[in-house]
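Trainee: So that we are looking at the same thing, I have put the structure below in structure tokens.
Derivation of every value follows stated rules applied to the coordinates shown; laboratory data play no part. The structure presented is a predicted model; accordingly, all values stated were derived computationally and were not measured. Neighbour counts are summed over all protein chains in view; Cβ atoms, including those assigned to glycine, are modelled from backbone coordinates with ideal geometry.
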Amino acid sequence: TKGGYPHFMLKEIHEQPKGIQETILRRLDADGLVRFDDIRLSKEDLAEIDKIYIVACGTAYHAGLVGKKAIEKMARIKVDVEIASEFRYDNPFIDSKTLVIIVSQSGETLDTLAALREAKRKGARTLAITNVMGSSIAREAEHVIYTWAGPEIAVASTKAYTTQIACLFMLALDMGYKRGVLDLAAYREILEKLKGIPEKIKAVLKNDLQVQKIAGKIKDAAHGFYIGRGMDYSIAVEGSLKMKEISYVHTEAFPSGELKHGTIALIEDGTPVIALATQQSLFEKSISNMKEVKARGAYVIGVTLEGNELIEEVADDVLYIPKVDDMFAGLVGVVYLQLLAYHVSVMKGLDVDKPRNLAKSVTVE
Ligand code: M6R
């Protein structure tokens, strides 16, 4: 049931703090360290791995983009994120030193399953991150990490996505520690911060009314853009997909610095631009990109951290997230993007949970 919510999607958006918390706690041992004993990726195994592919479709692919940033930063292993339907035909560079991480909420997406089979055939080690026990992908992958999101009913994925990201963060931490990139103190500090994310997401959820008001201002737009740098770009693509699939507004996401290489020509008076500026280390650069679109008439909706009020000089509306490290800011900020797409869809009278032309699980190639 919808548990008192008007739609499954809204219910699932609100279930994210709990889902992320469960996903983390179920993998901690008595010493409070991440425990992946059942996935035989010991220190020795990890020392041998020299390349990682993350392979998935749609929103799970977007979680992979965040995972790449986390693993490369914390464990210093090269990661390529690939769309499953492309990967399977690309003759990927795989040998026994390659780890292929398959991400799939349902565990049944046909292209993703085929990519897993191809990876195994070529001799890669395989690890699945999935939400469904006993699913085909869970059964066929060498190792599995489950997301504890609970059943996801709405076609638009929300809680599966954020719990996938939580898993990828834990994996990055574990790998970083076992490979000696992180010492125990750094590892514990990052883990504590990750455990604090559900509380920060709750603060974002409380600000729903403001998101509704902003949705009212952009709901009639024919098109729009999402921009961000670094981790913010990885989140922007997901925000844009949510808007497209449930609100039928054509939006695209761009790395902020790339817009002026062509796409900025599409900005007109009133074009909504959702500008993510959650990365403190890139804040000034993000502000100057916002100025560029503002000067061409864009209606700018900024997402940033509390304390960055300077953004109000360039943004028409600002959604604030609690102070949080760059690494985890996207995971908190993306909840605003889910809510925004949700409210636009509701205001347009669309079928939020079952958007046209889409199925929850794509079992055709
Ligand atoms: O079940 P999966 O995670 O393998 O599904 C992958 C995509 O089909 C899925 O994420 C899709 O993009 C969602 N509708 C996005 O909200």
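Trainee: To the nearest 20 debye, what charge dipole does the range 204-288 have about its Cα centre, counting +1 at the Cβ of each Lys and Arg and -1 at the Cβ of each Asp and Glu?
Mentor: Approximately 200 debye in magnitude.
Trainee: A further question follows. Roughly what angle does helix 326-347 make with the longest principal axis of the chain, taking Cα atoms, 0 to 90 degrees, to the nearest 10?
Mentor: The two axes meet at around 50 degrees.
Trainee: Could you check what % of the DSSP bridge pairs in the range 47-117 are antiparallel, to the nearest 5?
Mentor: So the antiparallel bridges in the range 47-117 amount to around 0 percent.
Trainee: Given Cβ point charges of +1 (Lys, Arg) and -1 (Asp, Glu) and nothing else, what value in debye, to the nearest 20, does the dipole of the chain about its Cα centre take?
Mentor: 380 debye
Trainee: Enter the angle in degrees (range 0 to 90, nearest 10) between the Cα long axis of helix 16-25 and the first principal axis of the Cα atoms of the chain, meaning the one along which they spread out most.
Mentor: Long axis of 16-25 versus the principal axis of the chain: about 20 degrees.
Trainee: Springs between alpha-carbon pairs under 10 angstrom, Gaussian network model over the chain: which of TYR187, TYR336, TYR299 fluctuates most?
Mentor: Its mean-square fluctuation being the largest, the pick is TYR187.
Trainee: Which net charge results when you count Lys and Arg as +1 and Asp and Glu as -1 among the other residues whose beta-carbon is under 15 Å from that of GLU313?
Mentor: -4
Trainee: At 7 Å along Cα-to-Cβ for each site, give me the label-to-label distance between LEU28 and ALA265 in nm.
Mentor: 5.3 nm
Trainee: Ok, one more. May I ask for the distance between the Cα centers of the range 303-321 and the range 87-115, given as a whole number of Å?
Mentor: 39 Å
Trainee: Enumerate the amide H contacts of LEU28 below 5 Å, restricted to partners 5 or more residues apart or on another chain; note that Pro and chain-start residues carry no placed amide H.
Mentor: For LEU28, the qualifying residues are ARG35.
Trainee: With just the Cα atoms defining each centre, how far is the range 212-227 from the range 1-43? Give it in Å.
Mentor: 31 Å
Trainee: Moving on to the next point. About its Cα centre, how strong a charge dipole does the range 15-107 have in debye, to the nearest 20, once Lys and Arg get +1 and Asp and Glu get -1 at the Cβ?
Mentor: About 240 debye.
Trainee: Going by alpha carbons, how many degrees (0 to 90, nearest 10) lie between the helix axis of 283-295 and the longest principal axis of the chain?
Mentor: The answer is roughly 40 degrees.
Trainee: Work through the residues other than LYS2 whose Cβ is under 10 Å from its Cβ and net out their charges, Lys, Arg +1 and Asp, Glu -1.
Mentor: Here the charged neighbours net out to -1.
Trainee: What does the helix-only formula give at 222 nm for the chain: each DSSP H stretch with n ≥ 4 adding -39500 (n - 2.57), the total divided by the residues, and the result rounded to the nearest 500 deg cm²/dmol?
Mentor: -14000 deg cm²/dmol
Trainee: Greater than 31 Å separation of Cα atoms is the criterion. Which listed pairs, LYS217/LYS291; LYS193/LYS217; LYS69/LYS285, meet it?
Mentor: LYS193/LYS217
Trainee: Separate question: Can you find, among ALA124, VAL155, ILE102, the residue farthest towards the positive end of the dipole of the range 102-182? Put +1 on the C-beta of Lys and Arg, -1 on that of Asp and Glu.
Mentor: Comparing the listed Cα positions along the dipole, ALA124 ranks first.
Trainee: Looking at the chain as a GNM with Cα springs under 10 Å, which of HIS261, HIS143, HIS250 has the largest mean-square fluctuation?
Mentor: Highest fluctuation among the options: HIS261.
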